[in-house]
Amino acid sequence: MSIEVLNGQIRMCHKCRLAETRIHALCGEGNLQARLMLIAQAPGENEDREGQMFIGPSGEVLRDLLRTIDIDLPDLYMTNLIKCMLPGYRKPKADEIEICSQYLNREIELINPGILVSLGYYATRYLLGKYAIALPPRAELHQVYGEVLPAGDRKLLPVQHPAAVLYNSSIKEEMVRNYSKMRLLLTNLLEKGQ
Ligand code: SF4
């Protein structure tokens, strides 16, 4: 299956209740040859309305962080664990994650990035489970942010979601430190020609 066919399936998908409340089901965006894939939780209201990832305040934070660590958006592929907006920014339900993650799994196979970067709790929890990495209790999950973890033949770097800084600006410095590991991982990978 090609990414275009997969994206067509995502746009038309009605496999869970979130199809009833969304405007757009969001496909991944970016460089199809990217070695680095960012995986967020789900589109917000702005993204749902415009059909585009990371617009609005958290998108501004993300672009600012990427500029700081010297990574350009065209270096990346960005996607979500859940492709449709969660009404009222509620938490995703277990069945929604189970059904929708099939699309993320296909994207990972098709794009085949060497580095996966999970943004925030749900994307991190899903990827830790997918790659059979021991899952810390929820209250301690933040401890894996900034850790580089083996994920099969890839590397997984969990980091805080960019929106976190909008609620607590004091974590910006720690976020920059964690995000900067993306740059290191990408440079190492490219130097090895992988
Ligand atoms: S959230 Fe995922 S599974 Fe549910 S309707 Fe949207 S694309 Fe389909």
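The values are calculated or read from the model by the stated rules, or taken from the named source; none is laboratory data. These figures come from a predicted structure and were not determined experimentally. Here the Cβ is made from the backbone with ideal geometry for all residues, glycine too, and neighbour counts use every protein chain on show. These accessible areas exclude ligands, DNA and RNA; they are computed on the full protein's heavy atoms, side chains included. Shrake-Rupley method; radii C 1.70, N 1.55, O 1.52, S 1.80 Å.
Quick look at the values:
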| read-out | value |
| --- | --- |
| Residue-normalised accessible area of region 3-191, given per residue in Å² at a 1.4 Å probe | 48 Å² |
| For region 3-191, fraction of C-alpha pairs farther apart than 29 Å, in % | 15 percent |
| LEU76 long-range amide H proximity, modeled H, under 5 Å | ASN31 |
| For region 4-31 versus region 134-194, the gap between their alpha-carbon centres in whole angstrom | 26 Å |
| Value of [θ]222 nm, deg cm²/dmol, for the chain, DSSP H segments ≥ 4, -39500 (n - 2.57) each, nearest 500 | -12500 deg cm²/dmol |
| Sequence of ASP48, ASP95 when ordered by accessible area, the most exposed leading, probe 1.4 angstrom | ASP95, ASP48 |
| Packing rank of 146-156, 52-62, where each peptide gets the mean count of other beta carbons within 10 Å, highest leading | 52-62, 146-156 |
| Point-to-point label distance, GLN52-ARG177, nm (Cα→Cβ direction, 7 Å offset) | 3.5 nm |
| DSSP bridge orientation in region 3-191 - percent antiparallel, rounded to nearest 5 | 25 percent |
| Sulfur and carbon atoms: percent of accessible area, region 3-191 [1.4 Å] | 50 percent |
